[in-house]
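**Q** The structure that follows is given in the form of structure tokens.
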Amino acid sequence: MKISALLRTILVFSIITLLVGSVALTQAQDAENVLVIAIASDIETVDPPFSTFQRSNETNYNVYDQFFKYAVVDSGQGYAVADTGTIEGSSVESWEWVDDLTLVMHIREGMTFTGSGNPVTAADFIYWYERALGTEAGTLWNVNTGSIESFEQTGDYEVTVHFTQPSPWFFFLFRDQSQAPQDSLVAKEQATDDDPWAAQWLAKNAIGSGEFYIESWEPGVEMVLRANPDYWAGKAFFDQVILRIIPNSADRALLLSEGEVDIATDLSTEELAELRGAEGVKVLSVPTRNQMIMGFNVQQAPFDNPLVRQALTYAVPYADIIAGVFNGNGLVSEGPIPVGGQYHDSSLWTYSTDLDQARALLEQAGVADGFEFTLDIASGSPVTEQIAIILQDAFAQIGVTMNINPQSSSEFAEQLGTLEHQAWMRDLLWYVDDAGYTGKLFFETGAVANWMGYSNPDLDAVIDELSVTLDPDRKAELAAQYQSILIEDAPALYVAEMPFEIAMRDDIQGYVQLPDNLLWYYPLSRGE
């Protein structure tokens, strides 16, 4: 970013000319409250059940109205945070338990879907449930994990949920971005014999009732959202939110410093450090429980040998990553439950940076001369790339050659689901502070996000009990077993507990940190 003033001017002029395209659009933006966000890549899908991508999840969170939301509290640090222990109503206004296995949800009356104007009714929630079963997509995992037996329409604006067993996670699952009513009348119109759940059409067409709706979408260039004027909680401050695709992170940072965009996402720590001193810019650094993890395909050699996985765990330069990538703002995770998570026990963590021990374990595993493998990562994340380079150098010191393979987000996600990788790295988001929940999602045999092919019957039994027990003392005992098993088996490296850092113009107010790192547009506003 240290370039001449002339070159900076030419670069900014070129980017703006290419992406804005006309004076008319600029004038239209000046006439309204417009928020411009520079993003790294396109939105992959706007059909929530089929989204496994952070960018799509964020868009869906803002255009669909989830069943529930977390409460919001002021951090006292210039931003607010989600209170993950307190659930509030959203499209579901209120609810009551009939008994331990029966919940009655009261749908908020007066809501409409933004595209059609159709009223949101209990029938749309029933369609959501039926579509979860019919598509067998991500929402089915939430149904099963929530121990849901059925949804029953018991009134025009009432749905009764029946459970097979008490569910400690139902409300946390159903504040997720994919748990939101879709316009059942429109969806059914788009269904075909070959596509009975309209999945192909819904991938490009959102039919929600949320705070914003999609006004236009030019793939590879930008998506424009417009505020829903009839949203039940009131219209958002920003009339438009423009998600502008700027693939290069240095360009995103430059446009922010020049005031051409309001928020720049996915910046490197070096770019964030420079922006901290830029006029008119602020950088928020928010502590989180979210971890960067590196997963091994344990079904392929040499990672089918736990000694090899343990060796690489000893080779990680944990302190260097915290200092060099996060400027000291992160934490060493010390295991599969983050330091900031409930029931974390640092005494169970047996690893440290010890290259001699790493070499000794490789020798025990029969690969004393090292080996070569490929790490797949999603492109567009400078932090992931920085960590990968540090790990590449560290592993080379014990004779292991790690090739780094950046992939598009869609290719990366597809390969994860098919276990075609040797190793991968991405963030693990702790948006439910419960080891059993994360275990169900990532580490249980056959779990939807068990991208390691890992299986341990003892761990499965622990996770199953964590899924139903409500006794805190027993949960603590089970959480200790959970940590011990995963630390010993080492199906993944727990590289760092990451702060969430985001840069924006200093007049942007109302930021709320969500535990899944999604940017929530609705509470944002522009100050003086």
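The values are calculated or read from the model by the stated rules, or taken from the named source; none is laboratory data. Since the structure is predicted, the reported quantities are computational estimates derived from the model, not experimental observations. Backbone-built Cβ (ideal geometry, glycine too); neighbour counts: all protein chains shown.
**Q** Give the number of residues within the stretch 300-324 that are farther than 22 Å from L419 by Cβ, in contact (Cβ under 8 Å) with a residue 24 or more places away in the chain and within 26 Å of the chain's Cα centre (by Cα).
**A** 8
**Q** Then there's this: Residue check, Q29 against (1) modelled with pLDDT under 90; (2) within 28 Å of S381 (Cα to Cα); (3) crowded, with 16+ Cβ neighbours inside 10 Å; (4) of a type in the set (S, T, N, Q), all met but one. Which one?
**A** (2)
**Q** Among all residue pairs at least 6 apart or on different chains, which show Cβ distances below 9 Å where the first residue, located in the stretch 413-429, is modelled with pLDDT of 90 or more and among the basic types (K, R) and the second is buried (at least 16 other Cβ atoms within 10 Å of the Cβ) and not in a helix (DSSP H, G or I)?
**A** Taking only residues 6 or more apart or on different chains, the pairs are R426/M292; R426/I293; R426/M294; R426/G295; R426/I377; R426/A378; R426/S381; R426/W451.
**Q** Right, something else. Output the number of residues of the stretch 180-231 satisfying the condition of being hydroxyl-bearing (S, T, Y) and at positive phi.
**A** Final tally of qualifying residues: 0.
**Q** Among the residues of the stretch 183-225, how many are of a type in the set (D, E, K, R), under 23 Å from the mean Cα position of the chain (by Cα) and either more than 16 Å from T45 (Cα to Cα) or not assigned by TED's automatic domain parsing to the domain that holds I37 (or both)?
**A** Residues meeting the conditions: 2.
**Q** When only residues in the stretch 326-382 that are acidic (D, E) and touching a residue at least 60 places away in the same chain (Cβ under 8 Å) count, which is nearest to N403 (Cα to Cα)?
**A** Here the answer is E334.
**Q** Given the residues A71, A80, which is the only one that is in contact with a Ser or Thr (Cβ under 6 Å, 6 or more places away or on another chain), not assigned by TED's automatic domain parsing to the domain that holds V468 and not β-branched (V, I, T)?
**A** Testing whether each residue is in contact with a Ser or Thr (Cβ under 6 Å, 6 or more places away or on another chain), not assigned by TED's automatic domain parsing to the domain that holds V468 and not β-branched (V, I, T) leaves just A71.
**Q** Still on this structure: Mind listing whichever residues of the stretch 283-297 are in contact with a Pro (Cβ under 7 Å, 6 or more places away or on another chain), surrounded by fewer than 22 Cβ atoms within 10 Å (Cβ to Cβ) and β-branched (V, I, T)?
**A** Residue satisfying the conditions is V286 alone.
**Q** Further, regarding this structure: Which one of these is in contact with a Phe, Trp or Tyr (Cβ under 6 Å, 6 or more places away or on another chain) and either surrounded by 22 or more Cβ atoms within 10 Å (Cβ to Cβ) or not assigned by TED's automatic domain parsing to the domain that holds A71 (or both): V495, V462?
**A** After ruling out the rest, the residue left standing is V462.
**Q** Whether any residue in the stretch 315-338 is more than 25 Å from F395 (Cβ to Cβ) and outside any loop (DSSP other than H, G, I, E, B) is what I want to check.
**A** No; the residues of the stretch 315-338 include none that is more than 25 Å from F395 (Cβ to Cβ) and outside any loop (DSSP other than H, G, I, E, B).
**Q** Within the stretch 53-67, can one find any residue that is at pLDDT 95 or above, touching a Pro at 6+ places or on another chain (Cβ under 9 Å) and part of a strand (DSSP E or B)?
**A** No, the stretch 53-67 contains no residue that is at pLDDT 95 or above, touching a Pro at 6+ places or on another chain (Cβ under 9 Å) and part of a strand (DSSP E or B).
**Q** Would you pick out the residues in the stretch 247-285 that are assigned to a helix (DSSP H, G or I) and under 16 Å from Y79 (Cβ atoms)?
**A** L272
**Q** Looking only at the stretch 277-299, filter to residues that are of a type in the set (S, T, N, Q) and modelled with pLDDT under 95; which one of those is nearest to E258 (Cα to Cα)?
**A** Only one residue fits best here, namely S285.
**Q** Can you name the residue in the stretch 508-528 that is at pLDDT below 95 and among the charged types (D, E, K, R) and, of all such residues, is farthest from L429 (Cα to Cα)?
**A** E528
**Q** Take the stretch 126-139 and flag every residue that is in contact (Cβ under 8 Å) with a residue 24 or more places away in the chain and in a helix (DSSP H, G or I).
**A** I126, Y127, W128, R131, A132, G134, T135, G138, T139
**Q** Something else about it: Can you tell me how many residues in the stretch 196-243 are closer than 17 Å to N33 by Cα, aliphatic (A, V, I, L, M) and touching a residue at least 60 places away in the same chain (Cβ under 8 Å)?
**A** Going through the stretch 196-243 one residue at a time, the tally reaches 7.
**Q** Restricting the search to the stretch 164-206, which residues are closer than 30 Å to L466 by Cβ and of a type in the set (S, T, N, Q)?
**A** Passing the criteria: T164, Q165, S167, Q177, S178, Q179.
**Q** Regarding G366, is this residue touching a helix residue (DSSP H, G or I) at 6+ places or on another chain (Cβ under 7 Å) and over 21 Å from I487 (Cβ atoms)?
**A** Considered against the rule, which asks whether it is touching a helix residue (DSSP H, G or I) at 6+ places or on another chain (Cβ under 7 Å) and over 21 Å from I487 (Cβ atoms), G366 comes out as no.
**Q** Given the criterion under 20 Å from G380 (Cα atoms) and either assigned by TED's automatic domain parsing to the domain that holds F373 or within 22 Å of the chain's Cα centre (by Cα) (or both), identify the matching residue among N290, N297.
**A** N290
**Q** Looking at (1) in contact (Cβ under 8 Å) with a residue 12 or more places away in the chain; (2) farther than 20 Å from I404 by Cβ; (3) not aliphatic (A, V, I, L, M), can you tell me which one R276 breaks?
**A** Evaluating R276 over (1) in contact (Cβ under 8 Å) with a residue 12 or more places away in the chain; (2) farther than 20 Å from I404 by Cβ; (3) not aliphatic (A, V, I, L, M) leaves (1) as the failure.
**Q** Next question, about the same structure. Can you find, within the stretch 481-528, the residue that is farthest from P317 (Cα to Cα) among those that are within 19 Å of the chain's Cα centre (by Cα) and of a type in the set (D, E)?
**A** Among those residues, the one meeting the criterion is D516.
**Q** Can you name every residue in the stretch 246-280 that is of a type in the set (A, V, I, L, M) and either buried (at least 20 other Cβ atoms within 10 Å of the Cβ) or in contact with a Ser or Thr (Cβ under 6 Å, 6 or more places away or on another chain) (or both)?
**A** I246, A253, L254, L255, L256, V261, I263, A264, L267, L272, L275, A278
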